[in-house]
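Report on the following structure.
The values are calculated or read from the model by the stated rules, or taken from the named source; none is laboratory data. The model shown is predicted, which means the values in this text are computed figures rather than measured ones. Cβ atoms come from the backbone with ideal geometry, glycine included; neighbour counts cover every protein chain shown.
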């Protein structure tokens, strides 16, 4: 159900947990997302943002989504996830690696 607090997935930050509310109106796009496990009501943890976004589904799978696609996935807040459960694989995104270099 869409409500005023729903936002595009692309506006979320790493560490946010969200619930999918709508997949937009493009049926081929929404069918592709459903095949990957993203559908209305599923919860996602935002792992990484940028040109491509990595999300973790509630059953543990991770998916990489293009920036154009995440603009059409509308979400609402679900819950907060512990910061230590967000993993950073890229050295420039890993705060510990950045501190080690400086």
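The table below gives the values:
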read-out: Segment 51-63, residues that are farther than 13 Å from residue 37 by Cβ and touching a residue at least 12 places away in the same chain (Cβ under 8 Å); value: 51, 52, 53
read-out: Among residues of segment 12-29, those that are touching a strand residue (DSSP E or B) at 6+ places or on another chain (Cβ under 9 Å) and either outside any loop (DSSP other than H, G, I, E, B) or under 18 Å from residue 56 (Cα atoms) (or both), counted; value: 12
read-out: For residue 41: the one exception among (1) on the phi > 0 side of the Ramachandran plot; (2) in contact with a strand residue (DSSP E or B) (Cβ under 6 Å, 6 or more places away or on another chain); value: (2)
read-out: Residue match in segment 64-73 (condition: part of a loop (DSSP other than H, G, I, E, B) and either modelled with pLDDT under 85 or over 18 Å from residue 19 (Cβ atoms) (or both)); value: no
read-out: Test result for residue 3, more than 9 Å from the chain's Cα centre (by Cα), modelled with pLDDT under 95, assigned to a helix (DSSP H, G or I) and farther than 11 Å from residue 73 by Cβ; value: no
read-out: Selection from segment 30-50 of residues that are more than 16 Å from residue 74 (Cβ to Cβ), in a loop (DSSP other than H, G, I, E, B) and free of Cβ contacts under 8 Å to residues at least 24 places away in the same chain; value: 50
